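**Q** Encoded as structure tokens, here's the structure I'll be asking about.
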């Protein structure tokens, strides 16, 4: 599968309303072709209005709603999203029955299993009674997702070397927690930079704050795409 470098950057459109979302679409223009829309926009009430606006502009859409419920409920939610012009959607990797139900309902929609959040480290997992290092847990959960018919996983770039060694390249990998300038103090604990993510096997990266907080967000997005191109050369 050949993925253009520009499509490998997913911008996290973590905003509260349609007006702010449209302002970002205008600001970024053709520098960004793929957008992630998630829970903040959903709770603001403009989720599907923004989804429709992105589709009208020819953008690819990642619906990051992290479904996690009983199998029938998740299947119904996935079935509804599958009627929309969405490329990716997320479901937590919790129950094989839930994942199988989601996979059976997805149609052409590609589902990503959220393995271990990039804001969680080994201490966070231990506090929840989950033993093992994050990369080990990611591999365990990715195996379940793959067996259930899920298309890919969301994981940290730090987990990729062991994940690819264990499961090969059949699963799509989408990596949030990307910090183009290197580690930075925020709520993300397991981060990598752009070249490292792709050297270690990422298919896509999700970038939010490093673009949103840049003096020139459009230039920041273009610089990240240039890094992706260089990493894949």
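The values are calculated or read from the model by the stated rules, or taken from the named source; none is laboratory data. Keep in mind it's a predicted model, so treat the numbers as computed, not measured. Counting neighbours? That spans all protein chains shown, and the Cβs are built from the backbone with ideal geometry, glycine included.
**Q** Could you look through region 103-133, keep only residues that are modelled with pLDDT of 80 or more and in contact with a helix residue (DSSP H, G or I) (Cβ under 7 Å, 6 or more places away or on another chain), and pick out the one that is farthest from residue 64 (Cα to Cα)?
**A** The extreme case among them is 104.
**Q** For region 79-106, give me the residue count where each residue is over 20 Å from residue 36 (Cβ atoms) and assigned to a loop (DSSP other than H, G, I, E, B).
**A** At the first step, the residues of region 79-106 found to be over 20 Å from residue 36 (Cβ atoms) are 79, 94-101, 103-105.
Subset that is assigned to a loop (DSSP other than H, G, I, E, B): 94-95.
Number of matching residues: 2.
**Q** Follow-up question, since we're still on this one. Could you tell me which residue of region 137-147 is farthest from residue 202 (Cα to Cα), considering only residues that are out of contact with any strand residue (DSSP E or B) (no Cβ under 9 Å at 6 or more places or on another chain) and surrounded by 18 or more Cβ atoms within 10 Å (Cβ to Cβ)? Outline the logic, then answer.
**A** Of all residues in region 137-147, those out of contact with any strand residue (DSSP E or B) (no Cβ under 9 Å at 6 or more places or on another chain) come to 137, 139-140, 143, 147.
From the residues that got through so far, the ones that are surrounded by 18 or more Cβ atoms within 10 Å (Cβ to Cβ) too are 137, 139.
On the way: 137: 18, 139: 15 Å.
It comes out as 137.
**Q** Being at negative phi, surrounded by 21 or more Cβ atoms within 10 Å (Cβ to Cβ), touching a residue at least 40 places away in the same chain (Cβ under 8 Å) and part of a loop (DSSP other than H, G, I, E, B) narrows it down to one of 205, 150, so name that one.
**A** Details: 205 fails: part of a loop (DSSP other than H, G, I, E, B).
Result of the check over 205, 150: 150.
**Q** Please count how many residues of region 101-119 are surrounded by fewer than 18 Cβ atoms within 10 Å (Cβ to Cβ) and either farther than 26 Å from residue 87 by Cα or free of Cβ contacts under 8 Å to residues at least 60 places away in the same chain (or both). Outline the logic, then answer.
**A** Looking only at region 101-119, we keep the residues that are surrounded by fewer than 18 Cβ atoms within 10 Å (Cβ to Cβ), and these are 104, 107-108, 110, 119.
Checking which are either farther than 26 Å from residue 87 by Cα or free of Cβ contacts under 8 Å to residues at least 60 places away in the same chain (or both) leaves us with 104, 107-108.
So the count comes out to 3.
**Q** Would a scan of region 162-180 turn up a residue that is within 22 Å of residue 227 (Cα to Cα), surrounded by fewer than 22 Cβ atoms within 10 Å (Cβ to Cβ), at pLDDT below 90 and in contact with a helix residue (DSSP H, G or I) (Cβ under 7 Å, 6 or more places away or on another chain)?
**A** Here is the first cut: in region 162-180, the ones within 22 Å of residue 227 (Cα to Cα) are 164, 169, 172-180.
Filter once more, so that each one left must be surrounded by fewer than 22 Cβ atoms within 10 Å (Cβ to Cβ): 164, 169, 172, 179-180.
If we keep only those that are at pLDDT below 90 as well, we get 169, 179-180.
Now drop any that are not in contact with a helix residue (DSSP H, G or I) (Cβ under 7 Å, 6 or more places away or on another chain), which leaves 179-180.
Yes, there is a match, as at least one residue in region 162-180 is within 22 Å of residue 227 (Cα to Cα), surrounded by fewer than 22 Cβ atoms within 10 Å (Cβ to Cβ), at pLDDT below 90 and in contact with a helix residue (DSSP H, G or I) (Cβ under 7 Å, 6 or more places away or on another chain).
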